[in-house]
Amino acid sequence: MSSPTRQRGLSLIELLVAVAILAALYGAITIAVDAAGGARQVEREGQRFAALVRIACERAQISGRDYGIHVARGGYAFSVAGAADWRLEGGGDLRPRELASGMSLAFEREGTEAELVAELPPEPQAACFASGELTPFAASLHAGELPPFEIDAAIDGSVTTSLHDAPE
């Protein structure tokens, strides 16, 4: 007579090891997705800023009125030139925008970096003119250790964007 075969399942230790491996994989995937999500968020915000600058410049040409670009550490806004001052756009596409938590903006004009403060300045740092010209500037969005997203504006009104690798 043959001895009965013993059916064998997973032991408690084997089950715990499998759960630990799955938890480690889940943690690694979550970190990777969050890092990529942050980079996508920086790129999306940079693309939005560049697109809004283009819109402001188009409106300046169409309306015959100059549009200003106001930049603060944590956001940006657009204004329209009045007879004596600049009037911030209150709504619509060119309404004031705040950057997401953890993001910051750097702004440079004519090779000199602007010292940005928390509040939007009353005077614009750059302008889209009714003639089609744009104050040349370079802006970059930063979020922690992620590569900065850069926006370059030329005097002819063109706006280009690029995502740069982090310096090593």
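Where a number appears in this text, it was derived from the coordinates with a stated rule and is not lab data. Keep in mind it's a predicted model, so treat the numbers as computed, not measured. Using ideal geometry, Cβ is built from the backbone for each residue, glycine included, and neighbour counts are taken over all protein chains shown.
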Exercise. If r is the Cβ-Cβ distance from Glu123 to Arg65 and R0 is 25 Å, what FRET efficiency results, to the nearest 0.05?
Worked result: 0.95
Problem set entry | Computed [θ] at 222 nm, helices only, for the chain once each DSSP H run of length n ≥ 4 contributes -39500 (n - 2.57) | -11500 deg cm²/dmol
For this session: Add +1 for every Lys or Arg and -1 for every Asp or Glu among the other residues with Cβ under 9 Å from the Cβ of Ser140, and state the total.
Result: -2
Exercise. Can you give the net charge of the other residues whose Cβ lies under 12 Å from the Cβ of Gln125, counting K and R as +1 and D and E as -1?
Worked result: -4
Problem set entry | Scattering curve values for the range 78-133, log₁₀ I(q)/I(0), Debye with Cα scatterers, q = 0.18, 0.22, 0.26, 0.29 Å⁻¹ | -0.81, -1.15, -1.33, -1.34
For this session: Please give the FRET efficiency for Thr112 paired with Ala28, using the beta carbon to beta carbon distance and R0 = 35 Å, rounded to the nearest 0.05.
Result: 0.20
Problem set entry | Estimated vicinal HN-Hα couplings, Hz - the range 13-27 in sequence order (Karplus 6.51, -1.76, 1.60; Gly, Pro = x) | 5, 4, 5, 5, 5, 4, 5, 5, 5, 5, 5, 5, 5, 4, x
Exercise. Where Lys and Arg each count +1 and Asp and Glu each count -1, what net charge lies around Asp93 among other residues with Cβ under 13 Å from its Cβ?
Worked result: +3
Seminar exercise, completed: Counting sequence-distant residues (5 or more places) and residues on other chains, those with an amide H built under 5 Å from that of Gly157 are Leu134
Seminar exercise, completed: Mean Cβ-within-10 Å packing, highest first, puts peptides 116-124, 61-69 in the order 61-69, 116-124
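Tell me, what does the Kirkwood hydrodynamic radius of the chain come to in angstroms if you use every pair of distinct C-alpha atoms? Present the calculation step by step, with values, prior to reporting the outcome.
Working: mean 1/r = 0.0533 Å⁻¹.
When all Cα pairs of the chain are included, the Kirkwood radius is 18.8 Å.
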Problem set entry | Charge dipole (the chain, unit charges on Cβ, about Cα centre) - positive-most of Gly92, Gly64, Leu22 | Leu22
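With +1 on the Cβ of every Lys and Arg and -1 on the Cβ of every Asp and Glu, and nothing else charged, how large is the dipole of the range 12-163 about its Cα centre, in debye rounded to the nearest 20?
Details: 11 positive and 21 negative charges, 90 e Å.
In debye, rounded to 20, the range 12-163 gives about 440.
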